[in-house]
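What follows is a set of notes on a single structure, which appears directly below.
The values are calculated or read from the model by the stated rules, or taken from the named source; none is laboratory data. Everything numeric in this text was worked out from a predicted model, so none of it was measured. Cβ: placed from backbone, ideal geometry, glycine included. Neighbour counts: every protein chain shown.
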Amino acid sequence: MASATLSTGAKARPRAAAWAWAWALPPVGLLALVFLYPLALVVQQSVRPDTGGTSVQPYADVFASEAFREALWTTVWLAAASTAGCLVLGFVLALIIAFVPFPGARVAARFIDVFLSFPSFLITLALLFVYGSTGMANGLWTDVTGAGEGPFQFLTTPWGVLLAEITYFTPFVMRPLLAAFSQLDTAQLEAASSLGARAPRIIRQIILPEALPALAAGGSLVLVLCLNEFGIVLFTGAKGVTTLPMLVYGKAILESDQYSTPGVAGDGTAVLIKARHDFGGEKPAMEYLAKLQKNNVGPAASTGKLAPKVDKGELLVANGDVQMNYAQSKSMPNLGIWFPARRSGKPTTFALPYAAGLVTKAPHTANGKKLLDYMLSRTAQNQVSEVGGGFTARKDIKATDANATALSKLMDGVEVFQPDWNDIQKNLPSYIDAWKSATDN
């Protein structure tokens, strides 16, 4: 009988194992479909360069990149410092809540659970509200002292990111610690206290050993979260702090371009003319614009709308008009002006002509002529840079105001070429067609 019973049990075990596998397969299959399969596609794509074949050279290029190494170091030291800060601060706060009787201790413990549900950018915005350049602390300082700005300017530095991460992630250490402390035998604490042990010794010899697993769990979680943190770095506006998530974001999102549409906007047509000049012909110019199209976010009918996108970080680069962009840069601190050049070549640009004239048989012809004469007069042209932030149309006038000096410095070393306007007038439609064909527009 005993052997029969064992035999039946032996048969039952494989059947139970089969049922366990049957129950496990659906969630495993779902995981493979929604996570592992897309991940496999990403890995597959990463070893297939645009030139074809299979290569690990992209990985070698990434590891050899100085930008990657700097971002990796920034990510690691910020994550390690934040984890250390969270462990120390979380341990102290958990000790106070768990072992120091005070009104509201239970509410504080419950608030930790609520705090864990907050998004990281919300905490960052709260810190900006208090310590930002125009926050409460700086506002109070300027009101009291009359100074032009407050002393709290650290939030856009690595230390601001570190403060925000410690503030946000400390509850992730406190939660497992509070759970561990709730399971601690208070009789040990009472016995140690009755034998004359002071608080530091009780913490070191009784509480800390019991808390080590919780500290390890909370610290590991915080370290992983800090290594992947994106929102805090983004919302603090710390442009000098580039972590790996920010580097990936910059490569995937911010390295995008947009230029106004050739044939629709004058500045867009200028992009086409400059490309033909710089690359020495239609074919190499179209090949370049076709490559540029991979990062292009779409057509733009207005050049003036592109600069605000660059300033806000929505675009890495866009085309523009020097005078217009110079005026915009005064209210857009993140807008930079530069002139493209071929490798080992000089930066180039050209003057896009704008014309003003009188319409035949239009009313008030005499007044219209007076207006044009005044606009080209020495008095008006002397004020073009000072008032309008632009270049004078007269070669006999040399402005010396601050705007003229800045514009002259901006153009220093830039070659101004003269397009063949007769050829452009004759063949512009074919230029536009070639651009549409190259860029699939």
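When Gly368, Gly390 are checked against the criterion of being farther than 30 Å from Glu287 by Cβ, assigned to a loop (DSSP other than H, G, I, E, B) and not assigned by TED's automatic domain parsing to the domain that holds Leu292, Gly390 stands alone in meeting it. Does any residue of the range 236-256 turn out to be assigned to a loop (DSSP other than H, G, I, E, B), surrounded by 14 or more Cβ atoms within 10 Å (Cβ to Cβ) and on the phi > 0 side of the Ramachandran plot? Yes, the range 236-256 contains at least one residue that is assigned to a loop (DSSP other than H, G, I, E, B), surrounded by 14 or more Cβ atoms within 10 Å (Cβ to Cβ) and on the phi > 0 side of the Ramachandran plot.
For residues that are of a type in the set (A, V, I, L, M) and exposed (fewer than 10 other Cβ atoms within 10 Å of the Cβ), scanning just the range 361-375, find the one that is nearest to Arg394 (Cα to Cα). Checked the range 361-375; the qualifying residue nearest to Arg394 (Cα to Cα) is Ala366.
Taken together, Ile432, Ile337, Ile424 contain a single residue that is among the aliphatic types (A, V, I, L, M), assigned by TED's automatic domain parsing to the domain that holds Val271, closer than 22 Å to Tyr259 by Cβ and more than 39 Å from the chain's Cα centre (by Cα), which is Ile424. Taking the numbered list (1) within 18 Å of Ile232 (Cβ to Cβ); (2) surrounded by fewer than 19 Cβ atoms within 10 Å (Cβ to Cβ); (3) in contact (Cβ under 8 Å) with a residue 60 or more places away in the chain in turn, Ser182 passes all entries but (1).
With respect to the conditions (1) surrounded by fewer than 20 Cβ atoms within 10 Å (Cβ to Cβ); (2) in a helix (DSSP H, G or I); (3) of a type outside the set (Ser, Thr, Tyr), Met174 lacks only one, and its number is (1). Put simply, of Leu125, Leu155, Leu116 the only residue that is closer than 30 Å to Ile203 by Cβ and either loosely packed, with under 13 Cβ neighbours inside 10 Å or touching a residue at least 12 places away in the same chain (Cβ under 8 Å) (or both) is Leu116.
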